[in-house]
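The values are calculated or read from the model by the stated rules, or taken from the named source; none is laboratory data. Values in this document were obtained by computation on a predicted structure and should not be read as measured data. Here the Cβ positions follow ideal geometry from the backbone for every residue, glycine too, while neighbour counts run over all protein chains shown. With ligands, DNA and RNA removed, areas are computed over all heavy atoms of the protein, side chains included. Shrake-Rupley method; radii C 1.70, N 1.55, O 1.52, S 1.80 Å.
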Amino acid sequence: MKTIIEPFRIKMVEPIKLTTREQRAQFMQAANYNPFLLRAEDVVIDLLTDSGTSAMSAEAWGAMMRGDESYAGARSWYRFRDTVKDIFGFEQVIPTHQGRAAESILFGVMVNADSIVPNNTHFDTTRANIEFNHGTALDLPCAEASDLESDYPFKGNMDIAALEKLVAAEGPERIPLIMVTVTNNSGGGQPVSMANIREISRIARGAGIPFYIDACRFAENGHFIKRREAEFKDVSSIDIAREMFSYADGCTMSAKKDAFANIGGFLCTNDADLAHRERNILILTEGFPTYGGLAGRDLEAIAVGLREILDEDYLDYRLLSTRYVVEHLRELGIPVVVPAGGHAVYLDARRFLPHIEPLQYPGQSLAVELYLEAGVRGVEIGTVMFGSDPHTGEEKPARLDLVRLAIPRRVYTQSHMDYVVEGINLVWERRKDIRGMRIVKAPQFLRHFTAVFDWI
Ligand SMILES: *Cc1c(COP(=O)(O)O)cnc(C)c1O
C-alpha cells in the first residue's frame, strides 16, 4: 500500500470551534499580538507546541486509574523509575514536574558565574536556567545547520572542532558539563547522529567533563538515526536509545514531549553524590524524591508513554507526517527549513518576509498573520525569543528568524494539515503587504511568553 495512515483509531474527540477572520482580528488585538496570550478555544489548529499536547492512549488513561497516590514509595514511582532505567540506563532517576525543573536543579548544582555550558543549540528554558545561575550558555551548532536549504541528514549535530577547541582552552575548570539536545529543537528540530554523540562523549570523557543529553525527543532522534545512519537500520528503537544514553553521564527530560504525557519530566545521572545534592533541592522545590512534583497517576502515564513512543509504526508515521507538510510547502515555493525535522515545521521568516528587518521581528509578524488568516497558532523562534541580552537588555538579531509550527502527537489528521498548508499559502500570496512589529513591553527573562507587541 502506498497510502500512509495514522496508525491509531480515534476513540474520544474534542470539538474545534471555527472562527471568522473578523473574530480572529479582535482576539489577536486583545492578546496584544502575542499568540501565547490567546485563549486556546479561539484557535482553530493549535501548533504552538508539541509539549504536553499529545493525545494519550487508552492504555495510558487506563494506567492513570491505578495511580498509587502514596506520599512516599508508591507503586507508581517504582513503575516509572524502572521504565526510565530500562530505556535510559542511568542509575539515579529524579522525577520533576517538567523538563525545566530538571534543568533548574541540575544547573543550580553545577553552574556558577565562571561556567560555560556548550550545547548544539540551547533550548530557551535551558539557556534561561544557565543564565539565571550567571553562567554562559554557548551554542555550537555544526556548520551545515545554518544552511536552511541543504538536505544534510544530521543538521542537529554539534560542531566537534569548535567543542574540542573550547574544551582545550577552558577545560573542566570552566566547563561543568557539555550538553547536546536531541533533536535540536531551537535549531529546526533536526537530528543528531550517533557518530556525533560518540564524538562529544569522547571529548567529554577525555577531559573529565560530564556529558548530558537534553533528551526531550530522544525517540524521534533515534528514529532518524535508524533511517539515516546505515549502521542502525536493523537496530530496534529501544536499543538505539540505550546506546545513545550509554555515551552520556546524565540527562534532562520533559515527559511532555516523547512520553506522550501532559505533564512531567525527570533528571538522571550516574553520580550518586550529585544525585544526593539534587534530591535535597528537589525536596525543597518539587517534592519528595519518589514523586517530585507529580501525582502517582502522572508517573503511570509517563511509564506507559515511554514504551509507546518507541513503537516503530508510530515513529514512521510521526516523521512522515511532518515531512508531508514540509514537502507540500516546498512545492509551493514557500521558504521552509529542510529537511523536515521530527516534531515541527519551521517557516523561514527572513526569506518569507525579506522586506522586514530582524529587529522588526519578521517571525512575530508571520505568526500573527497565520492566525489572522487561518486561526493557526505557531510561535516565533528568533529575535523575539533570543535577541535580547538578559543582563544588559541590549538587542541584536538572532541567528535565525523562524516560525515554528509544532505538531502535537496523535492529535491532528492529514486533512488538518492540508488546511494548515492552504492557510500558509494564502499568507504567502499577500506577503508583500505584511508589516513588521515592535515590542511595547517585555520582561527580562523569557520575554516571548508575555511581551506586548504592536504593528510598526
Ligand atoms: C520542552 C523542552 C525543554 C523544557 O521542558 P518543559 O517540560 O517545557 O519544562 C527543554 N529542552 C527542550 C529541547 C525542550 O523541547
> How high is the relative contact order of the chain, given as a whole-number percent (alpha carbon pairs under 8 Å, six or more residues apart)?
Replying inline: 23 percent
> Quick one: what Rg and Dmax do you get for the chain from the alpha carbons, in Å?
Replying inline: 21.2, 61
> Which pairs, out of Lys2/Lys226; Lys2/Lys85; Lys226/Lys432; Lys396/Lys432; Lys11/Lys256, put more than 32 Å between their alpha-carbon atoms?
Replying inline: Lys2/Lys85; Lys226/Lys432
>> Rounded, prolate or oblate for the stretch 58-308? Axes are the square roots of the Cα gyration tensor eigenvalues, ordered a ≥ b ≥ c, and the cut-off for rounded is a/c under 1.5.
In response: oblate
> Can you list the chymotrypsin sites (Phe, Trp or Tyr not before Pro) in the stretch 51-125 that are in a DSSP coil and have 15 or fewer other beta carbons within 10 angstrom?
Replying inline: Tyr71
> On full extension of the chain, what length is gained from Glu312 through Glu91, given 0.36 nm per residue of separation minus the C-alpha to C-alpha distance?
Replying inline: 76.9 nm
> Each label point is 7 Å from the Cα along the Cα-to-Cβ direction; what then is the distance between the points at Asp454 and Gln29, in nm?
Replying inline: 1.3 nm
> Share of antiparallel DSSP beta bridges in the stretch 58-308, in percent to the nearest 5?
Replying inline: 50 percent
>> Taking loop as defined by DSSP and a crowding limit of 10 other beta carbons within 10 Å, which trypsin sites (Lys or Arg not before Pro) in the stretch 361-456 fit?
In response: Arg430
>> Under the 0.36 nm per residue contour assumption, what length would be gained going from the current alpha-carbon distance of Arg202 and Glu357 to full extension?
In response: 51.7 nm
> Just the accessible area per residue of the stretch 58-308, please: how many Å² with a 1.4 Å probe?
Replying inline: 36 Å²
>> How would the stretch 92-197 be classified by its alpha-carbon gyration tensor: rounded, prolate or oblate, with rounded meaning a/c under 1.5 and the a/b versus b/c comparison settling the rest?
In response: oblate
>> Helix-only mean residue ellipticity at 222 nm, the chain, DSSP H runs n ≥ 4 weighted -39,500 (n - 2.57), per residue, nearest 500. What is it?
In response: -12500 deg cm²/dmol
> How far, in nm, would the chain grow between Ala162 and Thr285 when pulled straight, counting 0.36 nm per residue and subtracting the alpha carbon separation?
Replying inline: 40.7 nm
> With each pseudo-label sitting 7 Å past Cα toward Cβ, what's the Asp271-Asn425 distance in nm, one decimal?
Replying inline: 5.3 nm
> Looking at the stretch 36-91, which trypsin sites (Lys or Arg not before Pro) are DSSP coil and have at most 11 other C-beta atoms within 10 Å of their C-beta?
Replying inline: Arg39
> Which order, highest average first, do 113-119, 288-294 follow once you tally other Cβ atoms within 10 Å for each residue and take the mean per peptide?
Replying inline: 288-294, 113-119
> Which translational diffusion coefficient, to the nearest whole µm²/s, is obtained for the stretch 303-456 from the Stokes-Einstein equation, given a Kirkwood hydrodynamic radius over C-alpha pairs, 4 °C and 1.567 mPa s?
Replying inline: 79 µm²/s
>> Between Ile10 and Glu41, what is the label-point separation in nm under the 7 Å Cα-to-beta-carbon projection?
In response: 2.0 nm
>> Would the stretch 282-360 count as rounded, prolate or oblate if I go by the C-alpha gyration tensor, calling it rounded below 1.5 in a/c and otherwise prolate when a/b exceeds b/c, oblate otherwise?
In response: oblate
